[in-house]
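Taking it in order: structure first as structure tokens, then the write-up.
The values are calculated or read from the model by the stated rules, or taken from the named source; none is laboratory data. Values in this document were obtained by computation on a predicted structure and should not be read as measured data. Because the Cβ atoms are built from the backbone with ideal geometry, glycine has one as well, and the counts that use them run over all protein chains shown. Keep in mind that these areas ignore ligands, DNA and RNA; they rest on the heavy atoms of the full protein, side chains included. Shrake-Rupley method; radii C 1.70, N 1.55, O 1.52, S 1.80 Å.
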Amino acid sequence: MKRLSMLMIMMFTVGILAGNLFADDTLELSIPLPLTGSQAKFGEMEKYSYIIAADEINARGGIKGKKIVLSFEDGQGKPEVSRSIVEKLIDVDKQQVIIGDYSSACSKAIAAVANERKVPYLVVTGADDAITQQNYDYVFRMNPSNAYYAAGLISFLKQVVKPVSIAILYESSDFGTSGANDMEKQALEMGMKVLVKEKYEKGAVDFKPILTRVKAEKPDVIYMVSYVMDASLLMKQLKELRIDAKLFAGGAAGFAIPEFVNNAKDAAEYVVTATLWSPQAKYPGAKEFAEKYKSKYGDYPSYHGAEAYSAIYILEDVLKRAKTWNAEDIRAAMKATDMVTAFGPIKFEDKAGYQNQNFMDTLVMQVIKGNHETIWPESYASAKYLFPIPSWRSRK
Amino acid sequence: MIPLEGFLQTLIAGILLGGLYALIGIGMTLIMGVMKIINLAHGELMMVGMYIAFWMFELFKIDPYLSIFVAVPALFFLGIALQKFLINPVLKVDSILPENQVILTVGIGMVLANLATIFFKSDYRSTPVDYGTSAWYLSDYWIDTPLDLSLSVPWTVSFLFAVFITISLWFFLSKTDMGKSIRATAQDLDAALIMGVNVKLMRVVTFGIGAGLVGAAGCLFIPIYYLYPSLGGQFTLIAFVITILGGLGSTIGAIIGGLILGIFESMTATYIGMGWAPVGRFVIFIAALIFLPGGVASLLKRQRFGK
Amino acid sequence: MKKYLPLIILAILSILPLIGLSSYAMHILILVIMWAAIGMAWNLLGGYCGQVSFGHAAYFGVGAYTSGILYYKLGISPWWGMPLSIVVVSLFSLVLGFIVLRLRGPFFALATLAMGEVMRVTTENIGWLTGGTLGILIQKRTWVSKFGYYYIILLVAAGTFFLIKKLIESKLGYYFVAIREDQDAAESLGINTTLYKTIALCLSGALTGIAGAFYTNYMGYIDPHVVFALHDISIVTIMIVMVGGVATYWGPLVGAIIMVFLAELIRTIPGLGAAHQTLFGILLIVIIIFLPNGIVGDFAKIKKIFKQEAPRNELN
């Protein structure tokens, strides 16, 4: 009998959840994010950025007179939980548009559901190329796909560094792997020799063995794709082993967050990294957002924050243009998006095998005197790049 | 560069890493040896130790190595409290599978990691000490050296601390009454009871010592690593491997096990590929389980008794 | 009543979707039933036979990848992975069992844990077969509606339930329990412990593998970190059984309800944010301190509490 009563309770609660919570003068928006677990750092950063954007829009009177009320659901970085959240948002809360989540794995889980249920989904940070290569009509991605993350960096390599060989180290995640594969392809196209291509398990303590091997090969460029603090450990240990190269380059993520410089300190100097955005980016509102974020939370946001912040503005723009606020009209309006946000220009295009993908210039930052400065493309630069870089031995 | 240099540099890295691993493992080997429980919150206890070191550095500019003197007692008492109020009540009850304590330690780990997330945010933290990236280079002392080897300052200091702590522990266990009682409890519970050992107290103290040791490991790790709330899991795994390699409850075994693991991992990374290093870790783990069920300790024993 | 309980519950579960549950509720139900099935499979090996495995993610993942590789390499419908996974995972379990079954107690536990991790890293490293860390994404899932998935996993779970029930009530079941209670004594009574442990391991593995193959079909995306997860699969499985009740028929279902449904409820409490895990962790600690044999295992204890407080409200 107990099981029965338990089932009853279960159904009862589901019934309650199904109750509609809509009020007329607000726009309720729930966003799935990893708030616990190993990706929580980025979840938090995005959460704060969403809130900043929503507060700004609400201060101006909201969207069509409706105030945005944000809530956040913890997907824990697990795809099935993210899916639970989205199923709930679509079914129970009747939310007509989904934005958010962080990792590629979770974004893939959400994209499949959203497309099946015909609810538009705006991918904010998930970078895996495959997400927008599935002929999903309802999935839009504002960040460039992983294959384009390093586009700016590659033009920097071509025009300034002109290397003949490269070593690629990457973390064994989908982000790291696809980033490394793309770089390998591009490097071969440029006629470079790929001397080392090695992956490592995220959270590794000691990179010295693998770096010892890199040292023996003497590559011109050492390119590393790391999500998080592995980036600073790599640089610290490169410095310690005095491994010199023409250029140390990072593939966004771990190299582009402020913690990288704070932790690696002098070892971070001269390191360049691909990035999608920087606080000095010359897009309207970029600087203001960065400053606001810093004054509230103590540090500059990385591009993840800018993506989240701009996602709300894209939503505002879309909802203003949409005929009605149901999924079909929102999708149509989103498809027609053509705007410039603090993150950069946003336009969802079908090309090069992608659908509803935003293509944009990616930037290169260099750590100069302990600050991330934008150095490439030169039209965006906030400082002149420093190249060639001094050897470890001659620094001090 | 010649291959020898790479080999030696890898060996150095492996030994330094192994010494630090050993310290993480010793806490667990004690706990598992004495109480036969699988403590899945071990890494989370290390995380707590690291946060103590971090905040001491952040607020009072106290060097992480000095924080050992704060973190060890703090974790000692935390461990005692956990053992007394949570683990003992579960162990006391007769249940179908004694492994139900696993849920308890998972629960404890979850709460610790989550509390850290709530109170300290998920930010990646570190203690950027001045000596963080300094190293000694052979070429600085011997200009024409054919081998350019280097030795990281914080790694070496951490390693020496780990060795020192391990030796003190070994003295404690083999020379003091309490240490002997703990070892007796680990080897034969009933016999220890008959000989008048306060088994209950020993268990509580052991958990405290185990927690304190891993807290110390946290302080030694933070200058060379970084910190975030959910970092515990991977270190729990490493501790398991060392515990099995070294043999349950054996301090010396844990040291040797740690060194074997460190060197083996480094060698795999250099000569096979870093992506395979974790496979290597678990392969020696399973090999040790099968071919050397008592761990390194059993080899040592055999030799001593001339068997 | 007691005799027909399984059938009654099965009947209720089969008509449950017909009352018009939302897709979200169906999703949660599917996860509950999937986890219940995995829990039952674990229970066979861990609960009855006493071999506490910390590596059921290995079987789950191999099952999931059986489906995934069929689709990814051969372009065959991943549904074939469900029957095929029985064969593949059984063979895999046989090999694995040969290695780990000679170990006992905590050593067995840790060896299985290591096996799970070995499988994860190996899958990551053999990208030509498994897609490596990029995982396998199934472009189009079979159905949008959840009905099909629901009944398939219900069938799997019910099959698992009755199979295990039958097995445990047969002679085999007594051998299993004998091994759990005292392996040496069992051996001296002439029970071929290695054989029976291998049987339990293979069955348990194969049943977990089917659930894994189902997961691939249902979620449409797998990668090594997801399906070989130490915490999110192996340990969650153990918790489901231990919280529900070790060596009980219904323990895994109750455990799955707690670990999936209750966890989801707690997660969605508004305003709790990241703190839901603390609440859930405390809940686990409380359950295991007061009910060391799990909810079903210590059901008598719960009854007693209610009896003391309200003697008349007792139904059972």
Options A:A352, A:A322, A:A332; residue that is open to solvent by 10 Å² or more (accessible area, probe 1.4 Å) and farther than 29 Å from A:Y385 by Cβ: A:A332
Among the candidates A:K197, A:K236, A:K185, residue that is on the phi < 0 side of the Ramachandran plot and away from every other protein chain (no Cβ under 12 Å): A:K185
Residue check, B:L59 under 22 Å from A:G203 (Cα atoms), part of a helix (DSSP H, G or I) and free of Cβ contacts under 8 Å to residues at least 12 places away in the same chain: no
One residue from B:N88, B:N39 being over 19 Å from the mean Cα position of the chain (by Cα) and in contact (Cβ under 8 Å) with a residue 40 or more places away in the chain: B:N88
Helices (runs of 4 or more DSSP H) wholly inside the range C:233-283 that include at least 1 residues being among the β-branched types (V, I, T) and farther than 27 Å from C:G50 by Cβ: C:263-267
Scan of the range A:57-93 for residues that are among the aliphatic types (A, V, I, L, M), surrounded by fewer than 24 Cβ atoms within 10 Å (Cβ to Cβ) and in contact (Cβ under 8 Å) with a residue 40 or more places away in the chain, ordered by number: A:I57, A:I63, A:I68, A:V69, A:L70, A:V92
Among residues of the range C:85-101, those that are open to solvent by 50 Å² or more (accessible area, probe 1.4 Å) and within 30 Å of B:I31 (Cβ to Cβ), counted: 0
The lone exception for C:P292 - which of (1) free of Cβ contacts under 8 Å to residues at least 12 places away in the same chain; (2) within 11 Å of chain B (Cβ to nearest Cβ); (3) open to solvent by 10 Å² or more (accessible area, probe 1.4 Å) it fails: (3)
Complete set of residues in the range C:102-114 that are assigned to a helix (DSSP H, G or I) and either open to solvent by less than 10 Å² (accessible area, probe 1.4 Å) or within 7 Å of chain B (Cβ to nearest Cβ) (or both): C:P106, C:F107, C:F108, C:A109, C:L110, C:A111, C:T112, C:L113, C:A114
Residue list for the range B:96-121, restricted to those being more than 12 Å from chain A (Cβ to nearest Cβ) and without any contact (Cβ under 8 Å) to a residue 40 or more places away in the chain: B:I96, B:L97, B:N100, B:I103, B:L104, B:G107, B:F119
Any hit, the range C:224-238, residues being surrounded by 23 or more Cβ atoms within 10 Å (Cβ to Cβ), farther than 24 Å from A:A109 by Cβ and either more than 10 Å from chain B (Cβ to nearest Cβ) or of a type in the set (A, V, I, L, M, F, W, C) (or both): yes
B:F172 being open to solvent by 20 Å² or more (accessible area, probe 1.4 Å) and more than 14 Å from every other protein chain (Cβ to nearest Cβ): yes
Output for the range C:63-78, where each listed residue is in contact with a Gly (Cβ under 8 Å, 6 or more places away or on another chain) and more than 14 Å from C:G131 (Cα to Cα): C:G63, C:P78
Residues (hydroxyl-bearing (S, T, Y) and either modelled with pLDDT of 95 or more or within 13 Å of the chain's Cα centre (by Cα) (or both)) located in the range A:96-137: A:Y102, A:S103, A:S104, A:S107, A:Y121, A:T125
Top-ranked residue of the range A:138-154 - restricted to ones that are under 15 Å from the mean Cα position of the chain (by Cα) and aromatic (F, W, Y), ranked as nearest to the other protein chains (Cβ to nearest Cβ): A:Y149
Qualifying residue in the range A:94-108 (condition: surrounded by fewer than 24 Cβ atoms within 10 Å (Cβ to Cβ), under 30 Å from A:K294 (Cα atoms) and free of Cβ contacts under 8 Å to residues at least 60 places away in the same chain): no
Condition broken by C:N125, with the remaining ones in (1) away from chain B (no Cβ under 14 Å); (2) surrounded by fewer than 23 Cβ atoms within 10 Å (Cβ to Cβ); (3) farther than 24 Å from B:V102 by Cβ satisfied: (1)
Residue selected from the range A:156-182 under the condition open to solvent by 20 Å² or more (accessible area, probe 1.4 Å) and away from every other protein chain (no Cβ under 14 Å), by the criterion nearest to A:A105 (Cα to Cα): A:K158
Residue satisfying condition, being open to solvent by less than 10 Å² (accessible area, probe 1.4 Å) and modelled with pLDDT of 90 or more, within set A:V367, A:V340: A:V367
From the options C:I168, C:I191, C:I153, residue that is modelled with pLDDT of 95 or more and touching a helix residue (DSSP H, G or I) at 6+ places or on another chain (Cβ under 9 Å): C:I153
Evaluation of A:L153 against (1) open to solvent by less than 10 Å² (accessible area, probe 1.4 Å); (2) over 24 Å from A:Y270 (Cβ atoms); (3) at pLDDT 90 or above (one fails), failing number: (2)
Any chance A:A216 is within 11 Å of another protein chain (Cβ to nearest Cβ), among the hydrophobic types (A, V, I, L, M, F, W, C) and surrounded by fewer than 23 Cβ atoms within 10 Å (Cβ to Cβ): yes
From the options B:Y65, B:Y124, residue that is within 14 Å of chain A (Cβ to nearest Cβ) and open to solvent by 10 Å² or more (accessible area, probe 1.4 Å): B:Y124
Qualifying positions in the range B:136-159 - assigned to a helix (DSSP H, G or I) and loosely packed, with under 13 Cβ neighbours inside 10 Å: B:D140, B:Y141
C:G148, sole failed condition from (1) open to solvent by 40 Å² or more (accessible area, probe 1.4 Å); (2) without any contact (Cβ under 8 Å) to a residue 60 or more places away in the chain; (3) more than 14 Å from chain B (Cβ to nearest Cβ): (1)
Some residue of the range B:240-252 being of a type in the set (A, V, I, L, M), open to solvent by less than 10 Å² (accessible area, probe 1.4 Å), within 13 Å of chain A (Cβ to nearest Cβ) and under 14 Å from the mean Cα position of the chain (by Cα): no
Qualifying helices (runs of 4 or more DSSP H) (wholly inside the range A:108-201; at least 2 residues being touching a helix residue (DSSP H, G or I) at 6+ places or on another chain (Cβ under 6 Å)): A:146-149, A:174-189
Pick from the range A:370-381, criterion buried (at least 17 other Cβ atoms within 10 Å of the Cβ) and in contact (Cβ under 8 Å) with a residue 24 or more places away in the chain, ranking: farthest from A:V261 (Cα to Cα): A:Y380
